[in-house]
Every structure is written in structure tokens, then in C-alpha cells.
DNA sequence: TTGACAACATACTCAGTAGTATGTTCATAT
DNA sequence: ATATGAACATACTACTGAGTATGTTGTCAA
């Protein structure tokens with residue numbers, strides 16, 4: 001049983017979806033700057049015309065991939081974030097599902113990462129800026145799911161970190177890290193993936209000061 | 001002749017050094033693919049001619065920046081790694097100095113990061129491949145400083161992680177993370193930076209299963 | 001049957017960029 | 001004094017790649 005089945009299939013029926021998947025794969029493999037529209041078209045077995053019919057520019061395509069990546073995260077975690085739970089248990093749940101999503105939608109999440117990087121570097125034109133700011137805002141809202149749980153857990157004496165902003169940054173680096181080095185091996189089982197997820201989440205929660213007994 | 005090439009720190013007064021610094025700043029700001037040789041030249045107040053007189057290609061320039069970044073790390077940490085110390089204390093020392101270097105030589109370390117990324121993506125031509133492999137090997141040797149300390153500390157019951165490879169990956173992501181989000185603020189003091197370093201190192205060591213009392 | 005439009009493909013333009021070929025200047029050795 | 005080469009600048013070439021303008025094909029509504 002896949003952990004995130006229907007999320008990935010969110011827009012499967014849209015004609016744009018196939019292009020998004022190809023673009024995500026290309027951007028993941030070579031990065032935004034080194035990926036040409038022709039690369040994406042070649043992967044689709046099509047030509048530029050198809051892509052420019054659905055997207056106005058390379059940046060537009062990129063932001064669409066970013067948006068879809070963030071949407072998958074939101075759709076998956078929002079209901080969990082709204083549950084009434086003990087804060088540390090909720091943080092563990094959110095972190096676990098986040099890492100699962102990183103593995104399940106790796107290409108898209110890599111694009112999200114690069115989008116944040118591009119934003120931090122300010123490598124955007126003025127018009128792009130506005131669209132980009134909206135995307136980053138979406139990401140901020142997502143981050144808030146975790147931040148609230150972190151603050152609540154700290155207030156309850158279940159976590160122990162100094163600066164929330166730093167703690168949040170470092171925690172996300174940990175949880176996002178598999179998008180860089182994880183490659184699914186042939187013959188890999190769900191149990192293998194789950195073991196990976198568990199180790200990453202354990203590392204993150206301990207890093208935030210959770211005691212061992214409380215996160216197992 | 002040793003199989004391990006000697007690490008020779010680059011002299012500040014070499015004519016190539018100024019170019020390396022400008023290149024590192026440009027690569028940090030825009031990434032390898034989006035940085036043109038003219039960009040680097042413009043930052044230097046020079047023209048291409050100067051750069052191509054000292055470096056045979058854009059890739060050659062990039063690898064030189066990478067190499068210098070790794071050399072600075074090696075020169076700084078190698079003597080520490082060779083000390084006889086309690087493993088956990090040594091790991092803490094190495095981690096602390098590593099993070100300090102991330103802040104102090106951020107632009108170069110960002111290039112090292114991108115170099116590893118490019119290597120993981122296999123985005124290199126056959127000739128580049130050889131030079132790249134040598135660079136990655138240097139990075140592997142550096143990583144071994146930490147790995148040995150981690151293994152020794154675990155054997156002594158001072159750490160508690162499942163898989164060494166995963167633990168190492170996630171730990172480095174944590175320690176490297178400030179190259180992405182750290183920006184020196186005006187009026188920032190050494191104490192501010194040290195507080196940042198301490199929080200990151202604490203997070204990393206706790207993540208690996210170190211008990212709170214043992215790392216303070 | 002035909003018009004209209006969506007969904008592409010084809011064939012271009014043009015700006016940017018890696019790399020090269022060829023000056024030019026200046027210090028230093030002889 | 002002059003030859004020489006290092007350290008650049010200038011002025012190119014060749015090519016890639018984003019974006020556009022213009023076909024072509026199938027579908028569907030009236």
C-alpha cells in the first residue's frame with residue numbers, strides 16, 4: 001500500500017499534467033537553468049509547440065511545477081495539522097508524512113527547493129517576482145503547520161531549542177535532505193523506505209531536543 | 001609518491017586568487033549554469049581575457065573554486081582530526097569548526113555543494129569526469145574525519161543511530177545548512193555567530209543520539 | 001458541410017554566451 | 001636597448017536556446 005496514492009494523481013486527467021511531470025523530471029535532473037524547453041519536449045516525444053501552447057514561458061512552467069509540488073504537500077498535511085493532538089506527537093506525524101512526500105514526489109519537491117533558492121538569491125525579474133512571492137507565501141503557510149507544533153511542544157516542555165527560526169530551518173533541511181541523495185534501489189521494499197523515514201524523523205526530533213522515550 | 005595528493009592552501013597573493021574569489025561570489029549568487037564568464041569579469045572590473053589567461057574553461061574555473069573550498073576545509077580540520085581525544089568531544093569539535101568554516105567561507109562552500117550536486121546528477125562530460133572524480137574523492141576523505149569520530153563515539157555508547165551512511169548524510173545536511181539561509185546582518189557580532197554555530201552543532205549531535213549533558 | 005477552435009508541429013528570429021584569435025602593455029632578463 | 005613573455009584587452013566566431021509566427025490536424029457544434 002502506497003502511503004500517498006491519490007495525492008500524486010491529483011491532476012492526472014489534465015492535459016497539462018503530463019507536461020508537468022516531464023518538466024519536473026528534467027528540472028530535477030539538470031536544474032532550471034540547464035534545462036531547455038526542448039529537453040522537456042524531447043522527454044515527452046513532442047516539440048516546443050506543445051509546451052508553449054499550455055505555458056507562456058519557461059518561468060511559467062517552472063512555477064507551475066513548483067505550485068503543484070506545494071499543493072501536494074498542503075493537500076496531504078493540512079488535515080493532519082488541523083487535528084487535535086499532543087504537540088510532539090503531531091510534530092512527529094507531520095514530519096513523517098513530510099518525509100514520505102519527499103520520497104514519493106521527489107522530482108517536484110526538488111523543484112520546490114530550487115524555487116526557494118532562486119527566491120533567496122533574488123534571481124527573478126520584476127514580473128516574475130510577484131508570482132514568486134505568492135509561491136513563497138504558500139510555502140510559509142506550510143511551514144507554519146510545523147512551527148505551531150514546535151512552539152506548542154516547547155511550551156509543554158517536550159522540546160528544547162533556543163531560536164525557533166533556526167530550529168525550523170535546520171529541521172526542514174533534515175527532513176528535505178533525501179531529495180538530494182535518495183535514489184530508489186531495485187528491489188527496495190516499503191519497509192526499507194519506512195526505515196529511512198523513521199531514521200530521518202528521529203534525527204530531526206532529537207535534534208530539536210525531544211527525549212528518546214517520547215518519540216518511539 | 002603518496003596516493004593521497006598533498007593539500008596545499010592557495011596563496012592569497014597569487015594572481016589567480018582574486019579571480020577565484022569573484023568566481024565564488026558569482027557562482028554563489030546565480031549558480032554555475034546561470035553565471036557567465038563575462039559576469040565574473042565584470043565583477044573584477046576586467047574582461048574575459050584575464051580569466052581565460054588563467055583558466056582554460058568555465059569548468060576549469062569552477063573546479064578551481066571547488067578545490068580551493070575543499071582545501072580550506074582540509075587545512076583547517078585535518079590537524080584536529082588527528083588529535084587523540086574522546087570521540088564525542090572530537091566530533092563536536094570537528095562539527096563546530098566545520099560550521100564556522102561554512103559561515104567564514106560561504107561562497108566557496110556553496111560552490112562545493114553545487115559541485116557535489118553536479119556530480120550526483122552526472123552532469124559532466126567524460127573529460128570533466130576525471131577531474132570531478134578526484135574532487136569528490138577529496139571530499140570523501142574529508143567526510144571520513146567525521147565518520148571515524150561517529151563510529152568511535154557509537155562504539156563507546158555515546159551516540160545512538162541506526163545506519164552510519166544515513167546518519168552522515170543527514171548530519172552534513174544540518175551542518176552545511178547555513179550556506180543556504182545565513183546572511184550576515186549589519187552589526188552582527190562574533191557572539192551572535194557563535195550562538196548560531198552552537199545551536200546547529202547541538203542539533204546535529206542530539207540528532208545522532210548524543211545525550212544533552214554530554215555536549216554542553 | 002463548414003466554420004471555429006483546441007492542440008499541437010514546423011520553421012523561423014534573435015539575444016546571450018563559451019571559447020578563440022589577435023592585439024597591446026609592461027616588467028624583466030640579457 | 002631590445003627581445004621576450006606574462007598579463008591582460010579587444011574583437012571576433014559559432015552555437016545554443018527562449019520565444020514567436022505560422023502552419024496542420026482533428027473534433028465538435030450549428
**Item:** Answer residue from region A:16-36, given it is surrounded by 17 or more Cβ atoms within 10 Å (Cβ to Cβ) and outside any helix (DSSP H, G or I) and is farthest from DNA strand D (Cβ to nearest atom) among those
**Value:** A:31
**Asked** From the residues in region B:63-95 that are farther than 15 Å from residue B:138 by Cβ and crowded, with 20+ Cβ neighbours inside 10 Å, which one is farthest from the chain's Cα centre (by Cα)?
**Response** B:88
**Asked** Applying the selection to region A:157-176, what residues are assigned to a loop (DSSP other than H, G, I, E, B) and within 10 Å of chain B (Cβ to nearest Cβ)?
**Response** A:160, A:161, A:162, A:163
**Flag for residue A:189 being more than 8 Å from every other protein chain (Cβ to nearest Cβ) and free of Cβ contacts under 8 Å to residues at least 60 places away in the same chain** = yes
**Request:** Please state which one of B:179, B:200 is touching a residue at least 60 places away in the same chain (Cβ under 8 Å), closer than 27 Å to residue A:197 by Cβ and facing chain A (nearest Cβ under 10 Å).
**Result:** B:200
**Request:** Among what's in region B:37-52 and is within 8 Å of DNA strand C (Cβ to nearest atom) and without any contact (Cβ under 8 Å) to a residue 12 or more places away in the chain, pick the residue that is surrounded by the fewest Cβ atoms within 10 Å (Cβ to Cβ).
**Result:** B:49
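For region A:145-163, name all the residues that are surrounded by 13 or more Cβ atoms within 10 Å (Cβ to Cβ) and closer than 23 Å to residue A:78 by Cα.
Kept after step one, since they are surrounded by 13 or more Cβ atoms within 10 Å (Cβ to Cβ), are these residues of region A:145-163: A:145-154, A:158-162.
A:145, A:146, A:147, A:148, A:149, A:150, A:151, A:152, A:153, A:154, A:158, A:159 - these are the residues of region A:145-163 that are surrounded by 13 or more Cβ atoms within 10 Å (Cβ to Cβ) and closer than 23 Å to residue A:78 by Cα.
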**region B:68-86 residues that are under 11 Å from residue B:97 (Cα atoms), paired with ones that are loosely packed, with under 14 Cβ neighbours inside 10 Å (beta carbon under 7 Å, 6 or more apart)** = none
**Request:** Would you point out which residue out of B:183, B:154 is outside any helix (DSSP H, G or I) and either closer than 23 Å to residue A:168 by Cα or at pLDDT 95 or above (or both)?
**Result:** B:183
**Item:** Which numbered condition residue B:96 misses (of (1) in contact with a helix residue (DSSP H, G or I) (Cβ under 7 Å, 6 or more places away or on another chain); (2) within 16 Å of DNA strand D (Cβ to nearest atom))
**Value:** (2)
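The values are calculated or read from the model by the stated rules, or taken from the named source; none is laboratory data. Predicted, not measured: the structure shown is a model, and the values here were computed from it. Note: ideal-geometry Cβ built from the backbone for every residue, glycine included; neighbour counts use all protein chains shown.
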